[in-house]
Amino acid sequence: MSVRIRYFAALREATGRDEELLDLPSEATAATVRALLAERYPSLAKVLPRCAVALNRSYVSAGAALHDGDELAFIPPLGGG
Amino acid sequence: MSVRIRYFAALREATGRDEELLDLPSEATAATVRALLAERYPSLAKVLPRCAVALNRSYVSAGAALHDGDELAFIPPLGGG
Amino acid sequence: MAAILKITRDPLDAAAVRALVEAVSYPGAGGLVTFEGVVRDNARGKRVRYLEYDAYPEMAEQEMATIAAEVERRWGTDHLAMVHRIGRMEIGECSVVIVVACPHRAEAFEACRYAIDTLKATVPIFKKEVAEDGEEWVEG
Amino acid sequence: MAAILKITRDPLDAAAVRALVEAVSYPGAGGLVTFEGVVRDNARGKRVRYLEYDAYPEMAEQEMATIAAEVERRWGTDHLAMVHRIGRMEIGECSVVIVVACPHRAEAFEACRYAIDTLKATVPIFKKEVAEDGEEWVEG
């Protein structure tokens, strides 16, 4: 399945991207992707463990299941205000 | 002694004045003046009992003593805001 | 700054409110809270035509200074403006503006709320409601 | 009205803030509370040069809509504007504006306070502090 990953703030800077499409096995979860990104982008090591998970623009638990066409983002500590 | 009385809001309308000077016996208090005004201006009958007392621009108790040159005002219910 | 504390006959229009916000702002301010009291079209079940405010101006400004001193004591800021208009005001016009700036928002909210609540309770300002069926000096 | 909920790159200058206040005001409103978050010249003991805000805009506006729905449920008003700017902001510039209008002031204060507190806790907006000695994405 194909999942769109979006990057913001420290994650955008660390990956050098706004987003990318990942081709994942159908049993992949948000946790799978977190591990995969940690491996692919070592510079994410510091921030990734502190990120919440947003699936299709809503907060979900760290192990949320994914489906083809989903939009996934790791949300770093908030700084609004 | 001479005391300056200032009128605001309903009291200004009822007396038709912004202020007046009263010549009072030296033992007069704010309560004396309240009674005197109630007599002189019957149209104050409704509002005077609901007024606080301000002597020289500070709130004081209803029976406060007066001195020559004082400025006295009866403060109707507040409506600021 | 010295707190801006004033009874005025001038309209508290957009430009006047903005000028107060600018005056109160400073480089260390992280949060600015502005309260605007506005003339409503109804009160106590009546249709209001307009309001007429009166005040004991010298005493009002003195009572405002007492509020400003307490704001400084409790929330540590003198970046405060409190201006009440008197005279005739139409529906939608602003009768009072309070602006507070603080390093953090919690203090700004609390100080602004304290200032308007205390103004209503202690500052000698008076309100006449002119409704369809008559006029009356009212409390609150 | 429909609440105004927006992530923008445009400056939240005096005119922009004023336009939001005017948009939120209505004839039954007695109290208007405006919160402005402003870039401070210091944070965590550091001298701040400027801030850079980023956001997940689509999700941010959705989370803002959740806040607006809760404001309507708890305080009965949909006269609400909540706008957060992103991009580079200098000291003294406004990063966020929240305006709430209600018949009475207590509700306006509470709803405005709730909106900014909840925005900080739930809306995906991110802040980089650029100080004299380096830059860092920070929380809060």
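Going through segment C:98-109 one residue at a time, which ones are assigned to a strand (DSSP E or B) and either farther than 17 Å from C:Ile7 by Cα or within 13 Å of chain B (Cβ to nearest Cβ) (or both)? Listed by number, the residues that qualify are C:Ile98, C:Val100, C:Ala101, C:Cys102. Would you be able to say whether some residue in segment B:61-77 is assigned to a loop (DSSP other than H, G, I, E, B) and of a type in the set (S, T, N, Q)? Scanning segment B:61-77 turns up at least one residue that is assigned to a loop (DSSP other than H, G, I, E, B) and of a type in the set (S, T, N, Q). Across segment D:110-137, which residue is surrounded by the fewest Cβ atoms within 10 Å (Cβ to Cβ) among those that are assigned to a strand (DSSP E or B), hydrophobic (A, V, I, L, M, F, W, C) and at pLDDT 95 or above? Checked segment D:110-137; the qualifying residue surrounded by the fewest Cβ atoms within 10 Å (Cβ to Cβ) is D:Val130. Counting the residues of segment C:32-78 that are among the small types (Gly, Ala, Ser), more than 23 Å from D:Glu36 (Cα to Cα) and touching a residue at least 24 places away in the same chain (Cβ under 8 Å) gives 4.
A quick yes/no check of all residues on (1) over 29 Å from D:Val97 (Cβ atoms); (2) modelled with pLDDT of 95 or more:
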position: C:Met1; (1), (2): no, no
position: C:Ala16; (1), (2): no, yes
position: C:Val21; (1), (2): no, yes
position: C:Pro27; (1), (2): no, no
position: C:Phe35; (1), (2): no, yes
position: C:Asp54; (1), (2): yes, yes
position: C:Glu58; (1), (2): yes, yes
position: C:Met64; (1), (2): no, yes
position: C:Ile67; (1), (2): no, yes
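Just so you know, in segment B:43-60 the residues that are within 13 Å of another protein chain (Cβ to nearest Cβ) and either in contact (Cβ under 8 Å) with a residue 60 or more places away in the chain or assigned to a loop (DSSP other than H, G, I, E, B) (or both) include one that is surrounded by the fewest Cβ atoms within 10 Å (Cβ to Cβ), and it is B:Lys46. Among the residues of segment A:1-36, those identified as among the aliphatic types (A, V, I, L, M), over 22 Å from D:Glu139 (Cα atoms) and in a helix (DSSP H, G or I) are A:Ala30, A:Ala31, A:Val33, A:Ala35, A:Leu36. One residue stands out among those in segment D:84-97 that are within 10 Å of chain A (Cβ to nearest Cβ) and either assigned to a helix (DSSP H, G or I) or in contact with a Ser or Thr (Cβ under 9 Å, 6 or more places away or on another chain) (or both): the one that is nearest to A:Gly80 (Cα to Cα), which is D:His84. Residue-level check: of (1) within 11 Å of chain A (Cβ to nearest Cβ); (2) out of contact with any strand residue (DSSP E or B) (no Cβ under 9 Å at 6 or more places or on another chain), D:Val123 misses just (2). Examine segment D:100-109 for a residue that is crowded, with 18+ Cβ neighbours inside 10 Å, under 30 Å from A:Pro76 (Cβ atoms) and at pLDDT 95 or above, and state whether such a residue exists. Among the residues of segment D:100-109, at least one is crowded, with 18+ Cβ neighbours inside 10 Å, under 30 Å from A:Pro76 (Cβ atoms) and at pLDDT 95 or above, which makes the answer yes.
Of the strands (runs of 3 or more DSSP E) entirely within segment C:1-83, those holding at least 3 residues that are more than 14 Å from chain B (Cβ to nearest Cβ) and surrounded by 20 or more Cβ atoms within 10 Å (Cβ to Cβ) occupy C:31-38. Restricting attention to segment D:85-120, the residues being more than 29 Å from C:Gly37 (Cα to Cα) and without any contact (Cβ under 8 Å) to a residue 40 or more places away in the chain number 1. Do we have any residue at all in segment B:19-30 that's in contact with a helix residue (DSSP H, G or I) (Cβ under 7 Å, 6 or more places away or on another chain) and surrounded by fewer than 16 Cβ atoms within 10 Å (Cβ to Cβ)? No - not one qualifying residue is present in segment B:19-30.
Pairing each residue of segment B:61-81 that is more than 11 Å from chain C (Cβ to nearest Cβ) with any residue that is in a loop (DSSP other than H, G, I, E, B) and small (Gly, Ala, Ser), provided the two are 6+ apart or on different chains, yields C-beta distances under 9 Å for B:Ala65/B:Ala28; B:Leu66/B:Ser26; B:Leu66/B:Ala28; B:His67/B:Ser26; B:Asp68/B:Ser26; B:Leu72/B:Ala64.
The values are calculated or read from the model by the stated rules, or taken from the named source; none is laboratory data. On a predicted model such as this, the values are computed, not experimentally measured, just so you know. Backbone-built Cβ (ideal geometry, glycine too); neighbour counts: all protein chains shown.
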